[in-house]
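Have a look at the structure below before the remarks.
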Amino acid sequence: MGAQKKGATARVSEDPEELARHPLQAILLADSFTTKFRPITLERPKVLLPLVNIPMINYTLAWLESAGVEEVFVFCCAHSKQVIDYLESSEWSSQPNFSVTTIESHNSISAGDALRLIYERNVIHGDFVLISGDTVSNMSLTQALQEHKDRRKKDANAIMTMVVKQSKPSPITQQSRLGTDELFMAINPVTKQLLYYEDKAEYSKGFISLDKTLIADNPSVILHNDKQDCYIDICSQQVLSLFTDNFDYQHLRRHFVKGLLVDDIMGYKIFTHEIHSSYAARIDNFRSYDTISKDIIQRWTYPFVPDVLCGSSAIKVERQGTYRASDVTLSRSAQFGSFTFIGQGTKIGTDTKISHSVIGERCTIGSNVTIEGSYIWNNVTIEDGCRLRNAIVCDGVILKSGAVLQPGVILSFKVVVGQQFVVPAYSKVSLLQQPTQQDSDEELEYADSTSGTGELRSDKLNGDIAPDLSETASELGTGGVGYIWTVFEGAYDEEWRHSVAPIPTDKLVKLMLDKDEDEELLTQDGNVISASRELKTDSDGNGSEDDDNEDSRDDYVSFEKEVEATFLRAVHENVKVDLAVLEVNALRLSYNMASVDCGGAIFYSMMKLAVESPHNSASELHRNAADIVTTWQKLLKSFLHDIDEEIEVILKFEEMCLESAKEFAALFPQILHLLYDKEILQEDAILRWADEKEGADESDKVFLKRSEKFIQWLREAEEEEDE
Amino acid sequence: MDFQVVVLAGGNSKNLTPLVSKELPKPLLPVANCPVLNYVLHQLEQSNLKDLIVVVEGEDAALLVGAWISGTFIDRLHVEIAAVPEDIGTAGALRAISHHLTAKDILVVSGDLVSDVPPGALAATHRRHDAAVTTMLCSIPVSGPLESGSSGGKDKAKKLGRYNIIGLDPSKQFLLHIATEIEKDARISKRILHAVGQMEMRSDLMDAHMYAFKRSVLQEVLDVKDTFQSLKEDVLPYLVRSQLKSEALLNRTPQGEENSNEKVSSQNNQAFISRILANASTPSFHGIYSENPDGSSSTRKTHKCCVYIASSSSYCVRLNSIQAFMDINRDVTGDADHLLSPNNIIGPSPKLGTKTTVGPNCRLGEGSEMGDKCQVKRSIIGRHCRIGSHVKVVNSVVMNHVTIGDGCIIQGSVICSNVQLQERVELKDCQVGAGFVVTAGSEYKAESLAKKEK
């Protein structure tokens, strides 16, 4: 905190000229910190994967250079050596006004870690562009930078400008054409300040909730469902220090952006810059790989298109958007459809049909092959009669004659598909075995770097992998080499969403029908809510409280269930009281409940257990309850710190007697006495409860009346004490 | 125009006690010496909307209102008076008179609206879009005393927390979301957002309680949803919520109306459907969609909820609180004096004593008399009032037949008819109910004085 404040004050004192003196810097994250491109990324970093035959990182670097960035720090983690080697051997290491520096890390698992590391290196001296190495863009940064700087002059808290672009998600699948989930943003139309960001919206919820203060503070807010986040951010130095201060920030959007938006103490602001005619998109998954490849071939990203980017290798653009390297050997009868790219040294046999595809360098394609919408990388051999649709085929793959790839297949490096073998749709095939240990959900998002490095490769590819492969040969037909990765349960449904293949029609139809049903449900839900509200004569304000209560009640009910489960486990497994207290406390924190609620919930679980244990008469029930209370009094007591909480327990008990455990109704005074004896309830609490109830309705006083004697006795005892 | 107008005039509003009473129901509450209902009726007459049903709560009030209307608007408007029981809500009131509704479209307007926005403009918007419902929105009025300035007023509006959250489409023609309470977080339907792509959330607009409904839709909703009590809280949100998927109940609307819906190509709902269809690139998908058991794609039921946004310079306030009553009285004599319709008769100048000054933005009713050395500032004084000497009346409303003794000081107060203020009474921010007698020398601050109901 201290460091950051210092930084802020130092910056305020800087005058504009001083700001301008810094060369424009950029941080390029050459690691996506996701596993979406597995199995390919187990062997090669994502940024080096060819995109229309050129490694992705080249597009990003070329754009940064053209946009006036002078200094780029490439952060690499997974396969860092490959990235560094590539950059050193490429032309980027020898540009006159454009320096590329690599920063290597071996243990970063998220963008947050990366930025913390960069902060420690102390290499960023002013505003910088934050981008990941899989971004393709041709936008001009000048205006966005200027806006950012102007805002910073007026308000030091405007620390980030996010680039967004119009892109409406499909009304059926609710995902953008890049295969990313739909995004909801609220933006102030005048200041362009970002007020709300939700990219992982729950499908089940039919609504999004905007905070009331947000609306109260901004007379006009535009809620967007039609924007795409380009993942190009112009940041101030503070962003780095913020990541350091909040060491739990991992994800740029989910943690950092949302964290800033909800945090109203520091008052940091994020703004948006919308681009209209220029291109910007990030390759997030296989679908965006497909979409962006097509955009590049169709020259939306000009000047970052293959023939311009690799000027030396003489790629010619021909009619209908076909790109052909100069030394392609093409059979006369081969048909070569529109929007197709064919790289250097590739040979194509007779009667082969290729359309909407990218074929890399030095590939050998036999005759009578059909390739549609596929991405074939370098040195691939495709024998006669193969059929490929919407597949990605990595370097060195061999498809034996007659092999068929169904839509959505990913063949990783050097896989061999046997003769006549049909690879089923959406299969992912690799020489490496699927990591057996399935990461937990959260880790999955950042796990790429930890395992996906050289060791895995050397271990498995050398020697000892051979026997494995022969065993699995059957997986890919005769002569096939590789493992077909199994799709995890649950993920299966989602496979087609991010696949390189277009979404099949039957899925669309199903989704549409589902959607209709959902809508019906939602409309009904809406009616239920309003109907309950409409019964009230004055619906001013009451309705809202009700809704809120409902929400919190739902929470409470599930909390109560959890506590009950914990308690039962404690009973059955003889867990120590201290541990049980800890567990309940953990639950309390995770549900954000007060300790009052805990007391009530524990007491509820205890009494429920008493009722559920076998008993024949009221006295047995009483004994059950007494036993349980005696055993667990310490647990209960540790959540009853003051009288109010004790009263809460009594009220809870009353409620139970009326509703869930009517058997206790008769025993009410006895149990009350029991709790008093065990010193769980103090007499003050009981008396205060009695006083409170005094004013209640007759119907509410049933239990008060029943325990009148006991209370009378308490009062007298007190008086005696006083005397 | 085939429009029927329903004026929901109300009756004894609890918010306005002690200003209203059995003898003086809310519609007849004087604003600048002229019943508040007059302002609405005058605007309707100007827009040539002359077929009216005035709905009054309570039989007695209905008689009083009826008598006044027939006296004032005879031969100018065709007015029916309908009495409905109290506390049945605005939707309940409409339900009660539903069988009187015959025109194709119904304009519903609150009788306490003081506005210079022509109702005809709303009606025209409604017709243009062939909407199921069109509602009028206006800027939130600056509330509170004038001195506090505009920024202060804004804060006040925030504190009151009674403004609406309104979601509009980019063209600002369609109503996509409406919520009355700001107290909870706004919940915006994703479905509608998906369809339009972007929605502008406004919190600086207010629902002015003037709506145009398609009669068939209104009657269906009232019929089927018999728990709906309020137009604003129930019926309107319901229609907005279900606009992309009209429920079965709207299927019975004549086919002709539905068809005309589809002709408006600019309409977002239709665009939504076409977008869905455009997305389905393969012809087979078209086929499957139209073979839906739900029927073909073109019969997906939608209806339109439109808005008419009054320009920010127009005046539009509802008289629904004492504060609003004060504000309206101040504005009508001050900034918004163009609202005073010609039939607001200003009587012959009252008799003034020597050295008595009457400031600007004041109004004195006929036959009122004032003693010497009185001061009247920014106030309205009704007919036949007798005001003694050395009386100071500032920022106040004094109704008819009020007697004010010497040396009284009245600030920011409302004095109802037939009140007697004895000598040297000091009132600040008080409301004095009809017929009340304030004894000599008493001082009150921010109190409500009224006779006990017998």
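Name the residues in the range A:665-700 that are more than 21 Å from A:M607 (Cβ to Cβ), modelled with pLDDT under 75 and in a helix (DSSP H, G or I), would you?
A:E694, A:S699
Would you pick out the residues in the range A:403-416 that are of a type outside the set (V, I, T) and open to solvent by less than 10 Å² (accessible area, probe 1.4 Å)?
Across the range A:403-416, the qualifying residues are A:A403, A:L405, A:G408, A:L411, A:S412.
Return the residues of the range A:112-131 that are open to solvent by 10 Å² or more (accessible area, probe 1.4 Å) and under 21 Å from the mean Cα position of the chain (by Cα); say none if nothing qualifies.
Residues satisfying the conditions are A:D113, A:R116.
This table checks each residue for (1) in contact with an Asp or Glu (Cβ under 9 Å, 6 or more places away or on another chain); (2) farther than 30 Å from B:A131 by Cα; (3) open to solvent by 30 Å² or more (accessible area, probe 1.4 Å).
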{"position": "B:V20", "(1), (2), (3)": "no, yes, no"}
{"position": "B:E59", "(1), (2), (3)": "no, yes, yes"}
{"position": "B:A67", "(1), (2), (3)": "no, yes, yes"}
{"position": "B:S70", "(1), (2), (3)": "no, yes, yes"}
{"position": "B:F73", "(1), (2), (3)": "yes, yes, no"}
{"position": "B:R95", "(1), (2), (3)": "yes, no, yes"}
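Which residue out of A:D514, A:D506, A:D547, A:D493 is at pLDDT below 80 and either surrounded by 13 or more Cβ atoms within 10 Å (Cβ to Cβ) or in the same structural domain as A:I647 (by the TED database) (or both)?
The conditions single out A:D547.
If a residue has to be polar (S, T, N, Q) and either at pLDDT 80 or above or in a helix (DSSP H, G or I) (or both) to count, how many in the range A:596-640 make the cut?
So the count comes out to 6.
Quick one: how many residues across the range B:404-454 are in a strand (DSSP E or B) and either of a type outside the set (K, R) or not assigned by the TED database to the domain that holds B:K392 (or both)? Before the answer, list the steps.
First, the residues of the range B:404-454 that are in a strand (DSSP E or B): B:404, B:409-411, B:414-415, B:420-421, B:426-428, B:431-432, B:437-438, B:443-445, B:448-449.
Checking which are either of a type outside the set (K, R) or not assigned by the TED database to the domain that holds B:K392 (or both) leaves us with B:404, B:409-411, B:414-415, B:420-421, B:426-427, B:431-432, B:437-438, B:443-444, B:448-449.
Total meeting the criteria: 18.
Looking at A:I398, A:I382, which is the one that is in the same structural domain as A:A325 (by the TED database) and open to solvent by less than 40 Å² (accessible area, probe 1.4 Å)?
A:I382
Answer yes or no as to whether A:T191 is polar (S, T, N, Q), more than 7 Å from every other protein chain (Cβ to nearest Cβ), crowded, with 18+ Cβ neighbours inside 10 Å and under 29 Å from A:Y279 (Cβ atoms). Break it down stepwise before answering.
On the way: polar (S, T, N, Q): yes; more than 7 Å from every other protein chain (Cβ to nearest Cβ): yes; crowded, with 18+ Cβ neighbours inside 10 Å: no; under 29 Å from A:Y279 (Cβ atoms): yes.
It is false that A:T191 is polar (S, T, N, Q), more than 7 Å from every other protein chain (Cβ to nearest Cβ), crowded, with 18+ Cβ neighbours inside 10 Å and under 29 Å from A:Y279 (Cβ atoms).
Only one of these is without any contact (Cβ under 8 Å) to a residue 60 or more places away in the chain, crowded, with 20+ Cβ neighbours inside 10 Å, of a type in the set (G, A, S) and assigned by the TED database to the domain that holds A:V563: A:A665, A:A625, A:A717, A:A618. Name it.
Of A:A665, A:A625, A:A717, A:A618, the one residue that is without any contact (Cβ under 8 Å) to a residue 60 or more places away in the chain, crowded, with 20+ Cβ neighbours inside 10 Å, of a type in the set (G, A, S) and assigned by the TED database to the domain that holds A:V563 is A:A625.
Given the criteria more than 21 Å from A:I392 (Cβ to Cβ) and of a type in the set (D, E, K, R), does A:K269 qualify?
yes
I'd like to know if the range A:38-60 contains one or more residues that are open to solvent by 10 Å² or more (accessible area, probe 1.4 Å) and at pLDDT below 85.
yes
Which one of the conditions (1) modelled with pLDDT under 85; (2) touching a Cys at 6+ places or on another chain (Cβ under 7 Å) does A:F336 fail to meet, given that it meets all the rest?
All conditions are met except number (2).
Within the range B:354-363, track down each residue that is more than 18 Å from B:M326 (Cβ to Cβ) and open to solvent by 30 Å² or more (accessible area, probe 1.4 Å).
B:T354, B:K355, B:T357, B:V358 - these are the residues of the range B:354-363 that are more than 18 Å from B:M326 (Cβ to Cβ) and open to solvent by 30 Å² or more (accessible area, probe 1.4 Å).
Residues are listed down the side, and each one gets a yes or a no for (1) closer than 27 Å to A:Q193 by Cα; (2) β-branched (V, I, T); (3) not assigned by the TED database to the domain that holds A:A67:
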{"residue": "A:V262", "(1), (2), (3)": "yes, yes, no"}
{"residue": "A:I265", "(1), (2), (3)": "yes, yes, no"}
{"residue": "A:A281", "(1), (2), (3)": "yes, no, no"}
{"residue": "A:A325", "(1), (2), (3)": "no, no, yes"}
{"residue": "A:R332", "(1), (2), (3)": "no, no, yes"}
{"residue": "A:F339", "(1), (2), (3)": "no, no, yes"}
{"residue": "A:I342", "(1), (2), (3)": "no, yes, yes"}
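Can we say B:T253 is modelled with pLDDT under 80, crowded, with 18+ Cβ neighbours inside 10 Å and of a type in the set (S, T, N, Q)? Outline the logic, then answer.
Numbers: modelled with pLDDT under 80: yes; crowded, with 18+ Cβ neighbours inside 10 Å: yes; of a type in the set (S, T, N, Q): yes.
Yes; evaluated as a whole, the condition is true for this residue.
Under 9 Å by Cβ, and 6 or more places apart or on different chains, what pairs join a residue from the range A:216-232 that is without any contact (Cβ under 8 Å) to a residue 24 or more places away in the chain with one that is part of a strand (DSSP E or B)?
As it stands, the answer is A:D217/A:L195; A:P219/B:R202; A:P219/B:L205, since those pairs meet every condition given.
Scanning the range B:180-222 for residues that are more than 7 Å from every other protein chain (Cβ to nearest Cβ) and either open to solvent by 20 Å² or more (accessible area, probe 1.4 Å) or closer than 16 Å to A:Y196 by Cβ (or both), which turns out farthest from the chain's Cα centre (by Cα)?
B:V196
Quick check on the range A:153-176: of everything there that is open to solvent by 30 Å² or more (accessible area, probe 1.4 Å) and more than 10 Å from chain B (Cβ to nearest Cβ), which residue is nearest to the chain's Cα centre (by Cα)? First the steps, then the outcome.
From the range A:153-176, those open to solvent by 30 Å² or more (accessible area, probe 1.4 Å) are A:153-157, A:165-166, A:168; that's our starting set.
Pick out the ones that are also more than 10 Å from chain B (Cβ to nearest Cβ) and you get A:153-157, A:165.
Numbers: A:K153: 34, A:K154: 34, A:D155: 31, A:A156: 30, A:N157: 26, A:K165: 21 Å.
So, considering only residues that are open to solvent by 30 Å² or more (accessible area, probe 1.4 Å) and more than 10 Å from chain B (Cβ to nearest Cβ), the one nearest to the chain's Cα centre (by Cα) is A:K165.
Which of (1) closer than 30 Å to A:Q146 by Cβ; (2) among the hydrophobic types (A, V, I, L, M, F, W, C); (3) out of contact with any helix residue (DSSP H, G or I) (no Cβ under 6 Å at 6 or more places or on another chain) is the odd one out, the single condition A:A281 does not satisfy?
All conditions are met except number (3).
So, B:V391, is that one β-branched (V, I, T), open to solvent by less than 30 Å² (accessible area, probe 1.4 Å) and more than 26 Å from B:C34 (Cβ to Cβ) or not?
Taking the combined requirement at face value, the residue does not satisfy it.
Residues being open to solvent by less than 30 Å² (accessible area, probe 1.4 Å) and modelled with pLDDT of 85 or more: count how many of those fall in the range A:307-324.
Matching residues across the range A:307-324 total 2.
Output the number of residues of the range A:211-255 satisfying the condition of being surrounded by 21 or more Cβ atoms within 10 Å (Cβ to Cβ) and of a type in the set (K, R).
1
Conditions tested, residue by residue: (1) farther than 30 Å from B:D429 by Cα; (2) more than 20 Å from the chain's Cα centre (by Cα).
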site: B:L16; (1), (2): no, no
site: B:V36; (1), (2): no, no
site: B:A61; (1), (2): no, no
site: B:V65; (1), (2): no, no
site: B:G71; (1), (2): yes, yes
site: B:A82; (1), (2): yes, no
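The values are calculated or read from the model by the stated rules, or taken from the named source; none is laboratory data. The structure presented is a predicted model; accordingly, all values stated were derived computationally and were not measured. Note that we place each Cβ from the backbone using ideal geometry, even for glycine, and neighbour counts take in every protein chain shown. The area values use the complete protein model at the heavy-atom level, side chains included, leaving out ligands, DNA and RNA. Shrake-Rupley method; radii C 1.70, N 1.55, O 1.52, S 1.80 Å.
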